[in-house]
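Chemist: The structure that follows is given in the form of structure tokens.
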Amino acid sequence: MKKIFLNLSKQPITNSYLKNINSSTLKREFFYNLSIVFDLNNYLVSIKKPVNPEKQYTDTYAHRASQSKTMNLSFKKIANKLKKKFRPTLSMEIGSNDGVFLKNFNKNNIIAVEPCKNLAKITNKKGYLTYDKFWDVNLAKQILKKKGKVDLIYSANTISHIPNLKEVFKAVSICLSNNGVFVFEDPYIGSVIKNNSYDQFYDEHVHVFSLMAISNLLKAHKLKIIDTEILSTHGGSIRFYVAKNDSKYKISKFVKKIQNSEIRGKLNKFSTYKKFSLRVQNSKKQLVKLLKKLNEKNKKVISYGATYKSATVFNYCNIDKRLIDYVVDSTKNKQWKYTPGKHLLIKPPIDMIKEKIDYAFLGAWNFSKEIMNKEKKFIKNGGKFITHVPKVKILR
Ligand code: TMP
């Protein structure tokens, strides 16, 4: 049975930046109700009614994983680690985006799966065998027939985007070799609860995983978690190493350790999520109060990073042009468009001092270190950043 614990109101598709604002674009803008449920049987946290993936992963998909230095480095590191540890003959990535992970592999030894056609084109052009399709049983069979079994399947921030996890794991078990490893990483519910980062919930994050939930789901597919890591990427993620039940791998001690910490943190109890929901409502009140106060003092406030997360914050808290002047983002294809739902203009990075910015809300709070490093001059000049994670505050 699934029970709702959080209602984040009507939300747009986070990736649908508007090119212009007029009656026809506004009429076409799609909204859905973002309610979050907890499954009392397997402990999985999910969106109650996910958006149809065909609406989300289109050929205008804006996000480019290679935009951030932090992410480039972290993909290079994990690619090298996996190559060294598992020595795969054939690898595959599910959700390869613009190839930020793939580029660390020899073109002949890795397959890319990416349903957004604009992104698939990028890796295809670079010579990587790329399937511009959604990951499912049919595709797994097709790949198996053409290339044989795969030794390493990697996926970052993609598995949690797929509504039907049964299909995902079934497809994986079809083409994974006997001692192959399926490594995937996605936002971690333990970090969401700890950081009060309710903005991890948006249309693409159909599920936010715990180790207990994944462990329960894998059972039906004769797959097991052999190792896990808690990561700082994306504001707190979990990486799972999954293999077949009868593979050569033993389960690492860390799996038990994380499982115990989840039990201690009561991630298997509905009451934990209910309490979290109250903290989220309070966070909304605090953020709106702070922004209103700054507005009354005629402070110039912008938002840094046109992130999907900030779409959840702005739409849930009803923050629009009255409270935030505009948004800056380094991603070219987000620039000079408008944020979904609240329609804030997205500008390229600016000289924050010249533009007389007083405060910048960290829409990309998960990159706060990288951003604060970049904007040292702004800070030195008296400029300040605002965050809502883990609590609403002005960073000093
Ligand atoms: P993400 O959290 O979904 O990866 O999005 C991060 C966004 O923040 C992405 O659009 C790029 C933007 N960004 C900047 O504009 N400047 C920066 O310095 C960093 C690190 C990110």
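The values are calculated or read from the model by the stated rules, or taken from the named source; none is laboratory data. Source: prediction; values computed, not measured. Glycine also receives a Cβ, built like all others from the backbone with ideal geometry; neighbour counts cover every protein chain displayed.
Chemist: In this structure, does I346 turn out to be away from the ligand (no atom under 14 Å from the Cβ), of a type in the set (V, I, T), under 27 Å from S283 (Cα atoms) and touching a residue at least 60 places away in the same chain (Cβ under 8 Å)? Break it down stepwise before answering.
Modeler: Working: away from the ligand (no atom under 14 Å from the Cβ): no; of a type in the set (V, I, T): yes; under 27 Å from S283 (Cα atoms): yes; touching a residue at least 60 places away in the same chain (Cβ under 8 Å): yes.
In short, no.
Each row is one residue, and each column tells you yes or no for (1) at pLDDT 95 or above; (2) within 16 Å of the ligand (Cβ to nearest atom); (3) over 30 Å from M372 (Cα atoms).
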| residue | (1), (2), (3) |
| --- | --- |
| Y61 | no, yes, no |
| S66 | no, yes, no |
| F75 | yes, yes, no |
| G95 | yes, yes, no |
| C116 | yes, yes, yes |
| K121 | yes, no, yes |
| Y131 | yes, no, yes |
| F134 | yes, no, yes |
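Chemist: Same structure again: Quick one: which strands (runs of 3 or more DSSP E) lie wholly within the range 71-163 and hold at least 1 residues that are in contact with a Phe, Trp or Tyr (Cβ under 8 Å, 6 or more places away or on another chain) and in contact (Cβ under 8 Å) with a residue 24 or more places away in the chain?
Modeler: On the way: elements: 91-94, 110-113, 129-131, 150-156.
Result: 91-94, 110-113, 150-156.
Chemist: Turning to a different aspect of this structure: Hey, can you tell me all the residues within the range 353-375 that are farther than 26 Å from N33 by Cβ and either within 12 Å of the ligand (Cβ to nearest atom) or at pLDDT below 95 (or both)?
Modeler: Within the range 353-375, the subset farther than 26 Å from N33 by Cβ is 353-360, 362, 367-375.
The answer is A360, L362, F367, S368, K369, E370, I371, M372, N373, K374, E375.
Chemist: Anything in the range 369-396 that is hydroxyl-bearing (S, T, Y) and either without any contact (Cβ under 8 Å) to a residue 12 or more places away in the chain or more than 15 Å from V313 (Cβ to Cβ) (or both)? List them, or say none. Don't jump to the end; show me each part of the working.
Modeler: So in the range 369-396, the residues hydroxyl-bearing (S, T, Y) come out as 387.
Across the range 369-396, there are no qualifying residues.
Chemist: Still on this structure, I have one more. Test L345 against the criterion of being touching a helix residue (DSSP H, G or I) at 6+ places or on another chain (Cβ under 9 Å) and modelled with pLDDT of 95 or more, and give yes or no. Write out each step before concluding.
Modeler: On the way: touching a helix residue (DSSP H, G or I) at 6+ places or on another chain (Cβ under 9 Å): no; modelled with pLDDT of 95 or more: yes.
Considered against the rule, which asks whether it is touching a helix residue (DSSP H, G or I) at 6+ places or on another chain (Cβ under 9 Å) and modelled with pLDDT of 95 or more, L345 comes out as no.
Chemist: Still on this structure: Could you please tell me which pairs satisfy a Cβ distance under 7 Å, a separation of 6+ or placement on different chains, a first residue in the range 299-311 that is closer than 14 Å to D329 by Cα, and a second residue that is within 7 Å of the ligand (Cβ to nearest atom) and among the aliphatic types (A, V, I, L, M)?
Modeler: I302/V328; Y304/V328; Y304/A364; Y304/I371; G305/A364; T307/A364
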